[in-house]
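Below: one structure, written as structure tokens.
Read the figures in this text as sums done on the coordinates, not as results from a lab. Predicted, not measured: the structure shown is a model, and the values here were computed from it.
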Amino acid sequence: MSVACRAPHRTDSSNHRRSRAALLAAGAVVAALTLSACGSGGTSGGSGNTNFVAGSDGIATVKKADRKANPSLDGETLDGKKLNIAEDYKGKIVVINVWGSWCAPCRAEAPNFVKVAAETKAKGVEFVGINTRDPERGPAIQFEKEHKVPYPSLHDPSGKLMLRFPKGSLNPNFIPSTLVVDRDGKIAARSQQPLNEEKLRKMIDPVLAEK
């Protein structure tokens with residue numbers, strides 16, 4: 001069931017040719033920044049050949065040999081610290097969750113992420129959030145306090161980090177979206193829907209089992 005909770009974005013109602021040309025030129029950026037739905041997403045990948053297999057459960061997976069590298073994701077966390085996922089979590093399995101404090105399905109799935117993060121950390125799994133479409137940090141910080149989120153979140157109010165995902169990768173298009181990055185820094189799985197504990201573990205466990 002799709003949840004119609006869209007991230008806010010501006011539209012230009014002008015019909016002038018010059019405005020239309022400007023909009024067309026920025027089309028790729030707008031499409032990437034408008035992470036469309038807050039809730040159940042589709043199974044399509046990014047542009048190009050992703051070589052993924054989309055399951056009926058909404059989880060897309062990629063064979064180890066066909067995986068694309070996770071882009072460089074770095075910046076400032078909600079609590080003002082610097083974080084570089086590739087450098088700080090090198091050799092770890094990383095679960096990346098794209099979320100917003102305004103997103104009801106994000107609130108629904110948060111307890112599952114908190115529980116699984118605590119239970120898999122000793123196995124070499126790190127969780128990181130990407131908080132997007134929250135212009136101010138206050139609501140997002142309150143979200144983390146309310147749900148006792150133990151892991152950091154990069155603050156990405158305009159969605160710029162989403163633009164770093166390369167052509168042909170399993171880029172996140174929806175909020176919430178979740179990626180699992182393997183020990184080699186490559187994207188192994190993606191879901192574009194709120195996850196219960198079972199589905200979250202289903203994404204992580206096969207990557208944990210890899211040698």
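Taking a ≥ b ≥ c as the square roots of the eigenvalues of the Cα gyration tensor of region 126-211, is the shape rounded (a/c under 1.5), prolate (a/b larger than b/c) or oblate?
Here region 126-211 falls in the oblate category.
Report for region 63-206 the percent antiparallel among DSSP-assigned beta bridges with both residues inside it, nearest 5.
55
For a quick check: with amide H placed at 1.01 Å from N, whose amide H comes under 5 Å from Phe127's, ignoring anything fewer than 5 positions away on the same chain?
Val95
Kindly identify region 54-102 as rounded, prolate or oblate by the Cα gyration tensor criterion: order the square roots of the eigenvalues as a ≥ b ≥ c, call it rounded if a/c is under 1.5, otherwise compare a/b with b/c, prolate if a/b is larger, else oblate.
Oblate is the answer for region 54-102, as a/c is 1.5 or above yet b/c matches or exceeds a/b.
Apply the Karplus parameterisation 6.51 cos²θ - 1.76 cosθ + 1.60, with θ equal to phi minus 60°, to every residue of region 116-123 and state each ³J(HN,Hα) to the nearest whole Hz, in sequence, with x for glycine and proline.
Whole-Hz 3J(HN,Hα) from phi for region 116-123: 5, 4, 5, 7, 10, 4, 5, 8.
Suppose we take every Cα in region 58-211 and form the convex hull; what volume per residue is that in Å³?
Spelled out: Cα convex hull of region 58-211, divided by residues, is 98 Å³.
Work out, step by step, the length gained on full extension between Glu87 and Glu119: first 0.36 nm times the residue separation, then minus their alpha carbon distance; give nm to one decimal.
9.2 nm
Expected output is a single nm value to one decimal: the length gained when fully extending between Lys186 and Glu146, i.e. 0.36 nm times separation in residues minus the C-alpha distance. What is it?
Gain on extension, Lys186 to Glu146, equals 11.2 nm.
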